[in-house]
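Comments concern the structure below.
Rule-based calculations on the coordinates, nothing more; no lab input. Not measured: the values here are computed from a predicted model. Glycine gets a Cβ as well: all are built from the backbone with ideal geometry, and neighbour counts include every protein chain shown.
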Amino acid sequence: MEIKLNVSWKKTLQAINEQVITRAIQASGYSAILFVVVIFIFLMREGLPALEEVSVSNLFSARWYPIEDYFGILPLLGGSLIVTLGAALVAVPFGLGTAIFIAEIAPRWAREILKPFVEVMAGIPSVVLGFLGIVALAPRLRVLLDLPTGLTALAGSLLLGGISIPTVVSVAEDALDAVPRAYRDAALALGATRWQTIWRVTLPAARSGVITAVMLGVGRAIGETMTVMMVTGNAPVIPAGLAGLFAPARTMTATIAAEMGEVAAGSVHYHVLFFIGILLFLISLVINLTASAVVFRQRKRAERILS
Amino acid sequence: MDTHQRRNSSTARRKLYQRLGFGLLGLTTALTVLPILLIVVLIFAGGVPSISLEFLTGFPSNGMRSGGILPAILGTVYLTFFTTLFAVPLGIAAAIYLSEYAADSALTRLIRIAIINLAGIPSIVYGLFGLGIFVLFFNLGTSILAASLTLAIMTLPVVISTAEEALRSVPQSFRVVSISLGATKWQTVRRIVLPQSLPGILTGVILGLERAAGETAPILFTGAAFYLPTLPSSPLDATMALPYHLYVISTQVPGMPTRVQYGTALVLLILVLGLNLIATIIRSRARARRQW
Amino acid sequence: MDKFVIEDLTVQYSDGAESLRQISMAIPANSITVLFGPAGGGKSTLLRTLNRLNDLADVVRISGKVRLFAADGSSVEVLDRRTDVIALRRRVAMVFARPIVLPLSIYQNLSYALEMAGERRKPVLDQAVERSLRKAALWEEVKDRLQDPAAALSGGQQQRLCLARSLALEPEVILLDEPTSGLDPISTNKVEESLQELKQNYTIILVPHSIQQAARTADQAAFFLQGDLIEYRPGKEIFLNPQDRRTKDYIEGRFG
């Protein structure tokens, strides 16, 4: 009798233990949602007052000069836009080209070397790139293009492009890799060359993954801070079309990074910088929601095809 | 021209296109890979001469223009340590939830979307968030603690997704057998699934740390100090850190010798690439030893 | 004496795959009951229902009654939500088609179930490991290398290890789902011999990998076709003189 009692007591203990651990694991799983919500709440809390303190016409004007209470964010939006656009011009062709080469053309041994190598690029800290941009890239750009300064949107774009490439390569390469072998075999069996197969069959089949790759790469470029702050010259002027690439620019991220350290908590300037943070958060939210929607849809379709 | 000839010439043209196309893509790849190589070579060439015992173990002197970078190195070690402390248990637990417990429900999809979004939030926005919540709201001040908590949340998605992938790669049959032997779910996870996926999880953790160690923007206003004459004495002190130090000496200090800049960049790069290398080694060794 | 009494059991998976329709049968203790028939007939589903491994699968509908009897005549309702599944699985062990050894040592594979049940005393574990290995006729082959990884054993040894592993908890019932499908004839023979020994003390329910094996091992046999129980009769009778047309066709190799 006593032994039996002992056993059931032990069993209860085990069941309680299991319950507690299960709950803890569950809570950890939910924590990701919590963090996104809390981040948003805190950004709103510190950033929304800007809308009361600064008139809308000021906020969306072309002049950013906080010392005299000019908080026009258009130059910053423009700066982010031009730098990101330039980065995309670098990252998309080179990233996709590399992804196609790795996934479809390179022999196995080359793939084993190339993939980790591109991952190394993803690991290089952005300050290191910024530093090299200052000491190695900008001076050469200045001489080469005969500019007054090499610290321009272009320098930022080139480096940001480099930073985005690993994202583009790895997502696009995954997408190409996921295209069923049978598609390629069928195309080749019909007499298509490998080149035709890549263009006409594999790429279209991996389309949504490739789009996701480009979007995530762009998202990476918009959010990057240190490199752009160090190499773009930080002049808050609205870029004059593509020519703006060859002039200094200043992005939203760089503005926050450069100025937040010097403002008083709770000041108008402080609130406006948080407001810019809200914009960045929303931009990344839209990009990632769209990208994940594409990914989910693609996965669903793949499941349908396979089942 | 009869059909036969036409087909022949078309085949030749298609072959030519293919050769041109492959050549172009190969060139693109080379132009992507070579700059990476160039970056690493430049940093090593510029940095190696300035590495010395004094540089690694001394304090900065003469307005940081000479002396060593010990406080920055140690600061990055502290930050990485505390980030690990916060991010790893939570990240692994979340990965276990997603891989072992979560049903395929709307809530689970929401969690996944949240993780994707966490991964996409710009690092400077994490900096703002850390300033708002940890530094000001919880009144931790600019401190190692505030900075590490900020970095931890930023690192979380990396840890979760790599750990989940590692957990999922353990064959389902092991779980079924363990359950059929009367083990509970948690026993199955702890005794079978976790040990088998440990190398993969470790890889994820290290990749997360690599990201935390190299980041500057999230610590700008949460814990990084321009210059400190002494080492931090508690997690509530601010600290110097390698990436921030490199930023400071490349942009904020006039007349900075490039030697010191390159040296700092090299130490940071070695730290980060070293972590990457360790992760790669763990992964490949585990693959070789795996029994399934 | 009956070990399991099944009444009106119906199981349906969410993907519409293998299912069972209104199965009723009694499975006697201390004998080998063979469940046979073409693939997709519901044999594995039945096995997985008996120790609630179906809980891990996407079951949309399950109804009916499955009662498990103990030696003292008491019984539990297997399908009841309140039934302690962990305890049930310790009474009703399972051996799978492929030899799935856990990624642990030979010894740990055998002590696993006991340890999970809370047994920590080394001598008790040692004893259980040896006893179950002997029952599965594997002791002589592995006694000197109990600490080796179980994955290092040959396929046949691995499957006997799985059998031994299921015996370690001293279960009352052993469910075997095509346990010899991946084995050579010699290993198969060894497993079948072990089963004949084991039925003295255990209730064995076997899904065989061939009709020949069914005929060799059965004390009673049930023929399943597309979720229905077509015919269930004691002894070898069903193989020699099947009553149902479909059973006869299957046994004579006209389909499946």
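Over the whole of B:24-31, what's the average partner chain Cβ count within 10 Å per residue? Rounded to a whole number, please.
Details: counts 2, 12, 6, 2, 9, 13, 2, 5.
Averaged over the peptide's residues, the number is 6.
For the range B:114-202, which chymotrypsin sites (Phe, Trp or Tyr not before Pro) are both in a DSSP coil and crowded by at most 13 other Cβ atoms within 10 Å?
On the way: sites: B:Tyr126, B:Phe129, B:Phe134, B:Phe137, B:Phe138, B:Phe174, B:Trp186; in loops: B:Phe138.
Those that pass, being in a loop and sparsely packed, are B:Phe138.
Computed packing ranks the peptides B:28-36, A:209-217, A:78-86, B:165-173 as A:78-86, A:209-217, B:28-36, B:165-173, most packed first, by mean other Cβ atoms within 10 Å.
What is the local net charge at B:Leu25, summed over the other residues whose Cβ is closer than 12 Å to its Cβ (Lys, Arg +1; Asp, Glu -1)? Charge balance near B:Leu25 sits at +1.
When you restrict to C-alpha pairs under 8 Å that are six or more residues apart and normalise by the size of chain B, the relative contact order lands at 25 percent.
Positive end of the dipole of the range A:53-306 (Cβ unit charges, origin at the Cα centre): among A:Tyr183, A:Ile278, A:Val263, the Cα lying farthest that way belongs to A:Tyr183. By the gyration tensor of its Cα atoms, with a ≥ b ≥ c the square roots of the eigenvalues, what is the shape of the range B:1-160: rounded for a/c under 1.5, prolate for a/b over b/c, or oblate? Oblate is the answer for the range B:1-160, as a/c is 1.5 or above yet b/c matches or exceeds a/b. If I model the range A:1-132 as equal point scatterers sitting on the Cα atoms and use the Debye formula, what is log10 I(q)/I(0) at q = 0.09, 0.13, 0.19 Å⁻¹? Results for the range A:1-132 at q = 0.09, 0.13, 0.19 Å⁻¹ read -0.69, -0.96, -1.13.
Summing Cβ point charges (Lys, Arg +1; Asp, Glu -1) relative to the Cα centre of the range B:1-156 gives a dipole of roughly 1020 debye.
Ordering C:Gln159, C:Ala222, C:Trp139 by Cα displacement along the dipole of chain C toward the positive end leaves C:Trp139 in first place; charges were set at the Cβ atoms of Lys, Arg (+1) and Asp, Glu (-1).
Separation of the range C:196-253 from the range B:223-292 is 69 Å, based on Cα centroids.
What do you get for Rg/Rh over the range B:67-289 if you use C-alpha atoms and the Kirkwood form of Rh?
1.05
Shielding value for C:44-55 is 1, the average number of Cβ atoms from other chains within 10 Å of each residue's Cβ. Label separation (A:Asp185 vs A:Lys115): 2.1 nm, computed from points 7 Å beyond Cα along the C-beta direction. Between the listed residues A:Phe71, A:Ala192, A:Ala103, the Cα displaced farthest toward the positive end of the dipole of the range A:53-306, a dipole computed from Cβ unit charges relative to the Cα centre, is found at A:Ala192. Peptide C:114-126 shows a mean partner chain C-beta count of 2 within 10 Å per residue C-beta.
Can you give the net charge of the other residues whose Cβ lies under 12 Å from the Cβ of C:Val129, counting K and R as +1 and D and E as -1?
On the way: positive: C:Lys122, C:Arg131, C:Arg134, C:Lys135, C:Lys143, C:Arg165; negative: C:Glu115, C:Glu119, C:Asp126, C:Glu130.
So the surrounding residues net to +2.
Quick check on packing: order A:176-183, B:154-161, C:89-96 by the mean number of other C-beta atoms within 10 Å, highest mean leading. Let's see the in-between values first.
Values: A:176-183: 14.1, B:154-161: 26.5, C:89-96: 23.4.
Ranked from most to least packed, the peptides come out as B:154-161, C:89-96, A:176-183.
Over chain A, Cα pairs under 8 Å with separation of 6+ residues give a relative contact order of 26 percent. Neighbours of A:Gln26 by Cβ distance under 14 Å: Lys/Arg scored +1, Asp/Glu scored -1, total 0.
Pairs of Cα atoms nearer than 8 Å and 6+ residues apart set the relative contact order; for the range C:84-212 it is 36 percent. Rounded to the nearest 20 debye, the dipole size of chain B about its Cα centre is 1460 debye, using +1 on the Cβ of Lys and Arg and -1 on the Cβ of Asp and Glu.
Using the Kyte-Doolittle scale, which helices in chain A average at least 0.0 and also have C-alpha atoms spread 20 Å or more along the helix axis, with helices defined as whole DSSP H runs?
Working: long enough: A:2-47 (65 Å, 0.65); A:74-100 (37 Å, 1.88); A:108-123 (23 Å, 0.14); A:153-177 (34 Å, 1.26); A:207-223 (24 Å, 1.11); A:268-306 (56 Å, 1.13).
TM-like helix candidates: A:2-47, A:74-100, A:108-123, A:153-177, A:207-223, A:268-306.
Across q = 0.07, 0.10 Å⁻¹, the protein assembly as shown modelled as identical point scatterers on its alpha-carbon atoms has Debye log10 I(q)/I(0) values of -0.70, -1.10, in the order of the q list. Couplings for the range B:169-174, taken from phi via the Karplus curve 6.51 cos²θ - 1.76 cosθ + 1.60 with θ = phi - 60°, read 6, 6, x, 4, 4, 4 Hz in order; Gly and Pro are left as x. Each Lys and Arg Cβ is given +1 and each Asp and Glu Cβ -1; about its Cα centre, the protein assembly as shown then shows a dipole of about 1780 debye. Note on the range C:161-182 and the range B:44-114: Cα centroid distance 48 Å, given to the nearest whole angstrom.
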